[in-house]
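Read through the structure below, which is laid out as structure tokens, and then see the notes.
Since every read-out is calculated from the coordinates, none of them should be taken as a lab result. The structure displayed is predicted, hence computed values, not measured ones. No Cβ is skipped: glycine too gets one built from the backbone with ideal geometry, and neighbour counts run over all protein chains shown.
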There are 2 protein chains.
Amino acid sequence: MFFIDILGYLAGTLVVISLLPQTIKSWKTKSTKDLSLSRYIIYVAGLILWITYAILIKNGPVAIMNGIGLILAGSILYLKLKYK
Amino acid sequence: MFFIDILGYLAGTLVVISLLPQTIKSWKTKSTKDLSLSRYIIYVAGLILWITYAILIKNGPVAIMNGIGLILAGSILYLKLKYK
């Protein structure tokens, strides 16, 4: 079971951390033409619901992981709106 | 509890479905310059681990949801490699 738990945390961490290179790239290049605006609006909405869900079921790791995801995805959405 | 379950499913669905507009946009415009390649490589790796985790804990909905995510994210990665 311990191995399976590690696998779950690793999977979640990779999925969230994968947003970082996109945030850095968009911030550096100031170019977000190819990013889909609706993708990030729906994504941010989904992450907010995810965090609400995690708080309701009292799952700290899921809330924190999606909280970090929300900060990164929210930053990309901001950059998309700024440099569209 | 029922309401909380619905919230979880809705959150997961939104997060996965949010990939669709990006797939369609990249496919239509044939332009993926602003997309981060490492974002999609790490994301696809994370989704594969997520599916493995879901299969190991025998959670069908999570496996299916991440499977759809993998198809969409994999398509974006393919388009990124093709039109970089």
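Summary table below
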read-out	value
From A:Thr29, A:Thr23, residue being among the β-branched types (Val, Ile, Thr) and over 18 Å from the mean Cα position of the chain (by Cα)	A:Thr29
Answer from B:Ile76, B:Ile4 - the residue that is at the interface with chain A (Cβ under 8 Å from one of its Cβ atoms) and in contact with a helix residue (DSSP H, G or I) (Cβ under 6 Å, 6 or more places away or on another chain)	B:Ile4
